[in-house]
Amino acid sequence: MVHDVIIVGSGPAGLTAAIYTSRAGLKTLVVAGALWGGQLMLTREVENFPGFENGILGPKLMEEMRKQAERFGAELIFETATSADFKSKPFKVTVGNKVYESKSVIIATGASPKWLGLESETRLRGRGVSVCATCDAPFFRNRKVVVVGGSDTAMEEAFVLSKFASEVKVIHRRDKLRACQFLQEKAFANPKITFVWSSTVQEILGKDRVEGVRLQNVVSGEESVLECDAVFLAIGHKPNTDIFKDQIELDQTGYIVARKDTRTNIEGVFVAGDVADYRYRQAIAAAGSGCKAALDAEKYLIGT
């Protein structure tokens, strides 16, 4: 069976694309992944997605998107794509030991959080080292925690943690934040949040659980130890493009290059969401690009 469109990924971009393609009558297969739903599945409350005056839980929003796509006829498989072949048509996407064929493909695989690359980080992962405050903040009620990073994401992590922890120290390698002005002002006004500037984490301390971090000042080179009970990392993301290397044009950081709108360098292959968006990384932006990718795929299939 050859599908009209295969969508790889099931975050806001992928599921919005599925809503549009399936509603247009295109035979749509969504390779949702074993952990479907994207990063919003790790987000407790979403307050900036239009249409929800009082906000909505991230997993609830994704569940509603999934149901809407299925209502229009999209088929979802909850496994992860292991390879793709765009060298000939129909295009092929392999999931485990099964190969699916399609006339067009929309890549919406998103991006994954980066890690520091420390041995101690790996050893203590799940024992106080985390990349998801929403998931793990309640475990550190009335404890001292650290957030590493200076972006919008880092500030949002700090806000979540401040609702539970006794104090939140943000460690940033620069002497000023990269977060937007609104989030900066909100963070500076929060009495639980303080900052350690121009510093990097050299080691996460502790044998069986996090007990602190060893820091180095990037200006003076001086090292210091900061006691804490948890370390939350918010230092960026890596686009999930490994299975598309050598086939799709990528930029120097691994993000897919959209040549025009949502088109890639392969005719019939489109891209949507954070896998191509290193700047905005917002659910509504991803959803919008999913809509555009679906419309572009539809026009491609009818030859206009």
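Annotations
Residues are listed down the side, and each one gets a yes or a no for (1) touching a Leu at 6+ places or on another chain (Cβ under 7 Å); (2) assigned by TED's automatic domain parsing to the domain that holds residue 291; (3) on the phi > 0 side of the Ramachandran plot:
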| site | (1), (2), (3) |
| --- | --- |
| 90 | no, yes, no |
| 93 | no, yes, no |
| 100 | yes, yes, no |
| 104 | yes, yes, no |
| 119 | no, no, no |
| 123 | no, no, no |
| 132 | yes, no, no |
| 137 | yes, no, no |
| 143 | no, no, no |
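- The strands (runs of 3 or more DSSP E) found wholly in the range 61-146 and carrying at least 1 residues that are modelled with pLDDT under 95 and surrounded by fewer than 23 Cβ atoms within 10 Å (Cβ to Cβ) occupy 111-113.
- Where a residue in the range 24-42 is surrounded by fewer than 23 Cβ atoms within 10 Å (Cβ to Cβ) and its partner, wherever it lies, is of a type in the set (Val, Ile, Thr) and assigned to a loop (DSSP other than H, G, I, E, B), with Cβ under 9 Å and at least six apart: 34/80; 35/80; 42/131
- Residues (part of a loop (DSSP other than H, G, I, E, B) and of a type in the set (Asp, Glu)) located in the range 155-208: 175, 208
- Residue 49 falls short on exactly one of the conditions (1) out of contact with any Pro (no Cβ under 9 Å at 6 or more places or on another chain); (2) over 21 Å from residue 8 (Cα atoms), and that condition is (1).
- Positions within the range 43-67 being over 19 Å from the mean Cα position of the chain (by Cα) and touching a residue at least 60 places away in the same chain (Cβ under 8 Å), in sequence order: 50
- The single residue among 201, 210, 170, 160 that is in contact with a Cys (Cβ under 7 Å, 6 or more places away or on another chain), within 14 Å of residue 146 (Cα to Cα) and either surrounded by 16 or more Cβ atoms within 10 Å (Cβ to Cβ) or not aromatic (Phe, Trp, Tyr) (or both) turns out to be 210.
- Residue tally, condition in contact with a Phe, Trp or Tyr (Cβ under 6 Å, 6 or more places away or on another chain) and within 17 Å of residue 234 (Cα to Cα), over the range 122-146: 3
The values are calculated or read from the model by the stated rules, or taken from the named source; none is laboratory data. Keep in mind that what you see is a predicted model, and the values were worked out from it rather than measured. Every residue, glycine among them, receives a Cβ derived from its backbone with ideal geometry; neighbour counts consider all protein chains shown.
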